[in-house]
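Peer 1: Structure in structure tokens, see below.
Throughout, read-outs are computed from the coordinates displayed, never taken from laboratory work. Because the structure is predicted, anything quoted here is derived from the model rather than measured. Quick reminder, even Gly has a Cβ in these numbers, built from the backbone with ideal geometry, and neighbours come from all protein chains shown.
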Amino acid sequence: MENKAKIITVAGKGGVGKTSICASIVRLLVEQYPDKKILAIDADPAVGLSVALGVDVKMTLDDIRMSIVDSVENGETREALELLSEARFRIFDALVEMPGFAFLAIGRPESSGCYCKVNSYLKEVIGMLAGSFDYVVIDGEAGIEQIQRRVMEKVTHLLLITDQSKKGGQVIATIKSVADELIAYDRIGVIINRVTNPELVELIQLPGVDVLTAIPADGAFAANDIKGKSVLELPADSAMLKGVKEALQKIEIL
Ligand SMILES: Nc1ncnc2c1ncn2[C@@H]1O[C@H](COP(=O)(O)OP(=O)(O)O)[C@@H](O)[C@H]1O
Ligand SMILES: [Mg+2]
């Protein structure tokens, strides 16, 4: 896969703020680079990134996968090339055009049965699609294996997200060791989110990885969330956006 795109993804324990941070990254990229092509991929079956970005998802990549699988099971014999071109063509059905960015939801993980062929075509197609963008932001469930298996083999920027809990720190340490074994990445950094005790932040350290920023527990962010507003409607001076901006600057995205 030839790819000039910067591919940014997040990993960390559930509830630490991965989706919120991904949505903030998309917003900051759109503001900073209005002329660049930006793709947001929601790889969490719960499709939280769509809500955080105010995107109305009508079809996921899984819906497309299932319809291709169904047609194969119904006895339509088709050649590999035909399946690949159908996947390539139909991925655009699932792509939502938003002001300044495009959005793709992956949907459910594979259900029972091995449709390995269709899955690998779709991954190939995601790779081709990503290659036509300048920035790709991928929100996942927790680990990095799921993203690698379902979305992309390689990322350029891996952001490990934790809260100030012991458990959160342990989870990102585990993710880092898995990533070092499995994933090709160029840059890595830690974001500590929802901090209430800044004096304790220095206790969170991961050997060989920079802490890019510590984002305070942000009342404006929580209020925005409760009102059902998207991150695109968040005040520009919110602690969340400031923190994510700092992290992106340190890792040379902004
Ligand atoms: N810095 C923050 N301040 C206040 N609330 C936050 C902050 N970061 C995340 N949240 C809230 O925490 C909850 C979990 O965040 P989310 O981004 O969904 O986590 P994850 O994707 O890691 O499961 C959401 O309700 C979100 O609004
Ligand atoms: Mg999430």
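Peer 1: Under a Cβ-Cβ cut-off of 12 Å, what is the net charge of the residues other than MET240 that fall near it, where Lys and Arg count +1 and Asp and Glu count -1?
Peer 2: 0
Peer 1: On average, how much area does the Cα convex hull of the chain cover when viewed from any direction, in nm²?
Peer 2: For the Cα atoms of the chain, the hull's average projected area reads 13.7 nm².
Peer 1: Right, next: Expressed as a rounded percentage, what relative contact order does region 13-124 have, with Cα pairs under 8 Å and six or more residues apart?
Peer 2: 37
Peer 1: Give the percent of DSSP beta bridges with both residues in the chain that are antiparallel, rounded to the nearest 5.
Peer 2: The antiparallel proportion sits near 10 percent.
Peer 1: If you don't mind, another one. Can you give the alpha-carbon Rg of region 1-136 over 2.2 N^0.38 Å, where N counts its residues? Please report the intermediate quantities before stating the final value.
Peer 2: Numbers: Rg = 15.6 Å, N = 136, 2.2 N^0.38 = 14.2 Å.
That ratio works out to 1.10.
Peer 1: For region 95-100, take each phi angle, set θ = phi - 60°, evaluate the Karplus expression 6.51 cos²θ - 1.76 cosθ + 1.60, and give the result in whole Hz per residue in order, putting x for glycine and proline.
Peer 2: 7, 9, 8, 10, x, x
Peer 1: Further question on the same structure: With a sphere of radius 13 Å drawn around the Cβ of GLY208, what net charge do the other residues whose Cβ falls strictly inside it have (Lys, Arg +1; Asp, Glu -1)?
Peer 2: Once positives and negatives cancel, what remains is 0.
Peer 1: Among all helices in the chain defined by DSSP H, which have a length of 20 Å or more along the axis from Cα atoms plus a Kyte-Doolittle mean of at least 0.5?
Peer 2: 18-32, 116-131
Peer 1: Okay, moving on. List the relative contact order of region 6-250 as a percent without decimals, with contacts defined as Cα pairs under 8 Å and 6+ residues apart.
Peer 2: RCO, region 6-250: 29 percent.
Peer 1: Over 23 Å between Cα atoms, which of LYS6/LYS245; LYS36/LYS58; LYS6/LYS176 qualify? Kindly include the intermediate steps, with their values, before the conclusion.
Peer 2: On the way: LYS6/LYS245 16 Å; LYS36/LYS58 25 Å; LYS6/LYS176 20 Å.
Cα-Cα > 23 Å for LYS36/LYS58; rest within.
Peer 1: A further question on this structure: Give me the mean projected area, in nm² to one decimal, of the convex hull enclosing the Cα positions of region 91-193.
Peer 2: Mean projected area for region 91-193: 8.0 nm², to one decimal.
Peer 1: At 222 nm, what helix-only mean residue ellipticity would the chain give, in deg cm²/dmol to the nearest 500, using -39500 (n - 2.57) for each DSSP H run of four or more?
Peer 2: -13000 deg cm²/dmol
Peer 1: If you don't mind, there's one more thing I want to ask. Order these peptides, 82-95, 29-42, by their mean beta-carbon neighbour count within 10 angstrom, highest first.
Peer 2: Most protected by this proxy first, the peptides run 29-42, 82-95.
Peer 1: Work from the charge dipole of region 182-231 (Cβ charges, +1 for Lys and Arg, -1 for Asp and Glu, about the Cα centre) and give the residue of ILE226, TYR185, PRO198 farthest towards its positive end.
Peer 2: ILE226
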